[in-house]
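Step one of this worksheet: look at the structure below.
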Amino acid sequence: MFQDVALGVDGSIIICTESGHVFVRSRNLKAGQGPSAKTFKFQRMPHLQRIIRVCANATGAFAALRSDWVPDDIKVAGNRLSQDLATVQPYLHIKFSNPNEDTVSPNPRSPISPEPEGEEEEEDASVINDIKQLDALCRIIIQLKEARKSSDGSRVFDMDALPYDSNLLVHVQSTGVELPAHRAILSARSSKLCLALSEGKTAGDAASGVSVQGHISKAATQKLPRLTFAGCHPLSVFILLVYLYSDEALAVWDHRIGHALQKQLQSVKAKPVQVKTELQALASLLDLQALSDVLDAPVKRIAKSTLTHDMQTMFTHNQAEGSGAHARRPLAPDVVLQLADREVSCHSIVLRARSPFFAAFFDDKDWTRKRWTPEGAVLVNLKHMKWRAVEPALKYLCCGGDKEIFDVVEDVFSADELIDFVFEVMAVAVSIVFAYLSHL
């Protein structure tokens with residue numbers, strides 16, 4: 001079927017078909033040499049595809065208008081890096097030494113719900129989410145205080161079963177509350193926290209009285225390093241930790257949120273204005289500019305995402321430094337993936353948050369108990385895989401990469417090589433349960 005047609009000089013015709021091909025009818029120069037020769041004949045124009053319009057002018061020139069193919073946008077389903085790390089915040093999954101105490105977890109490991117459509121619905125959803133999380137944090141603070149009073153000086157939670165292999169204790173000096181955390185996450189998010197944990201230095205704000213100090217003890221009785229926050233309420237420290245893990249700033253100072261949590265805030269003796277002031281001091285002290293920006297607003301604002309950039313920087317740093325001197329370097333990786341052509345250093349907390357494959361491994365203490373090296377890392381034998389195929393997977397897992405992972409594919413010079421590469425990546429994705437990558 002014809003899509004378009006144009007008439008030229010001397011009876012010549014140019015035709016565009018529905019399939020996007022172009023044919024030109026021109027005068028046959030051999031028409032007078034035999035009775036069966038046709039006066040005109042059609043010829044297909046080579047190298048022309050996806051043509052939608054044709055035209056001709058009085059000088060005998062033809063033109064064709066092509067519509068380039070635009071591929072459909074890839075709709076990626078699954079959690080972002082910040083959403084997955086939010087599910088492994090250890091202080092939300094504390095197992096108290098007292099069996100009568102229950103844990104409170106506002107962020108269970110479950111698929112993310114569909115994102116709301118429209119700015120108003122998104123804003124309402126974020127406010128409701130903040131209310132739920134702050135309510136849970138207030139209950140945890142109450143539980144920690146009650147457990148500490150009834151513990152007779154002993155630990156309020158089991159130090160041998162810290163959630164998600166936590167390797168840091170965050171101490172709030174004003175109340176004595178201690179929270180488990182991961183020093184790699186905190187150090188990657190703030191260079192000041194990294195310095196405090198690596199050298200035991202103190203950073204303080206004289207105007208507000210807020211300070212942060214790292215403690216590196218070599219005593220055998222204290223296995224984990226500590227990070228002490230002075231001059232601030234436990235809820236302020238909680239909100240800071242939630243931001244470091246998830247890029248979420250819980251806006252207790254928003255009147256809609258503060259009004260809904262009046263009873264809870266009274267029960268923990270926290271004032272929204274006080275919490276906001278302490279967070280502003282902490283954000284300035286720790287060079288968290290994105291957090292400072294949202295604290296300047298009187299209502300809830302979505303913080304600029306910086307977690308992905310910080311995780312990318314940490315991953316690059318790990319490949320350059322390796323896994324040695326684990327005890328002294330807060331950013332030192334605790335996992336080494338042994339591939340066929342190289343070794344890759346990672347962090348178990350990031351891998352377990354992003355992949356059910358690694359989560360099953362690290363949740364099984366019997367699997368990791370005898371696999372630790374003297375440098376403090378677990379070796380994972382993946383020598384049946386090559387870096388070329390594993391690299392996109394790790395860019396997604398450890399760096400929060402998205403569709404841009406495949407914008408530039410190096411060392412691929414033909415369609416056949418590209419197809420082979422795609423199948424190699426899919427094999428890695430399927431073998432370690434990367435459902436996200438399987439759909440790219």
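Worth a mention:
- Hey, Lys75 over 26 Å from the mean Cα position of the chain (by Cα), modelled with pLDDT under 85 and either under 30 Å from Ser19 (Cα atoms) or outside any loop (DSSP other than H, G, I, E, B) (or both) or not: no
- Unmet criterion (only one of (1) over 19 Å from Gly8 (Cβ atoms); (2) at pLDDT below 90) for Gln83: (2)
- Checking each residue in segment 288-305 for being under 21 Å from the mean Cα position of the chain (by Cα) and assigned to a loop (DSSP other than H, G, I, E, B) picks out Leu288, Arg301, Ile302, Ala303, Lys304, Ser305.
- Considering segment 271-287, and only residues there that are open to solvent by 70 Å² or more (accessible area, probe 1.4 Å) and within 19 Å of Lys304 (Cβ to Cβ), the residue that is nearest to the chain's Cα centre (by Cα) turns out to be Asp287.
- Index of the failed condition, Thr308 passing every other in (1) under 14 Å from the mean Cα position of the chain (by Cα); (2) hydroxyl-bearing (Ser, Thr, Tyr); (3) over 19 Å from Gln83 (Cα atoms): (3)
- Of all the residues in segment 48-61, those that are at positive phi and modelled with pLDDT under 85 number 1.
- Looking at segment 340-440, the helices (runs of 4 or more DSSP H) lying wholly inside it that each contain 3 or more residues that are under 25 Å from Asp84 (Cα atoms) and modelled with pLDDT of 90 or more sit at 348-354, 387-399.
- Against the numbered list (1) modelled with pLDDT under 90; (2) open to solvent by less than 90 Å² (accessible area, probe 1.4 Å); (3) assigned to a strand (DSSP E or B), Cys16 comes up short only at (1).
- Lone qualifier among Asp205, Asp165 - being within 16 Å of Leu92 (Cβ to Cβ) and charged (D, E, K, R): Asp165
- Among the candidates Gly214, Gly209, the residue that is open to solvent by less than 60 Å² (accessible area, probe 1.4 Å) and either over 27 Å from Gly376 (Cβ atoms) or modelled with pLDDT of 90 or more (or both) is uniquely Gly209.
- Evaluating Tyr243 against the criteria (1) within 30 Å of Gly376 (Cα to Cα); (2) in contact with a Ser or Thr (Cβ under 8 Å, 6 or more places away or on another chain); (3) buried (at least 16 other Cβ atoms within 10 Å of the Cβ); (4) in contact (Cβ under 8 Å) with a residue 60 or more places away in the chain leaves one unmet condition, (2).
- Flag for Asp254 being open to solvent by less than 10 Å² (accessible area, probe 1.4 Å), of a type in the set (Asp, Glu) and in contact (Cβ under 8 Å) with a residue 24 or more places away in the chain: yes
- All positions within segment 230-276 that are in contact with a strand residue (DSSP E or B) (Cβ under 9 Å, 6 or more places away or on another chain) and more than 20 Å from Glu146 (Cα to Cα): Ala230, Gly231, Leu240, Leu241, Leu244, Tyr245
The values are calculated or read from the model by the stated rules, or taken from the named source; none is laboratory data. Model, not experiment: these values are computed from the prediction. When we count neighbours, we look across all protein chains shown, and the Cβ atoms used for this are built from the backbone with ideal geometry, even at glycine. Heavy atoms of the whole protein, side chains included, go into the accessibility calculation; ligands, DNA and RNA do not. Shrake-Rupley method; radii C 1.70, N 1.55, O 1.52, S 1.80 Å.
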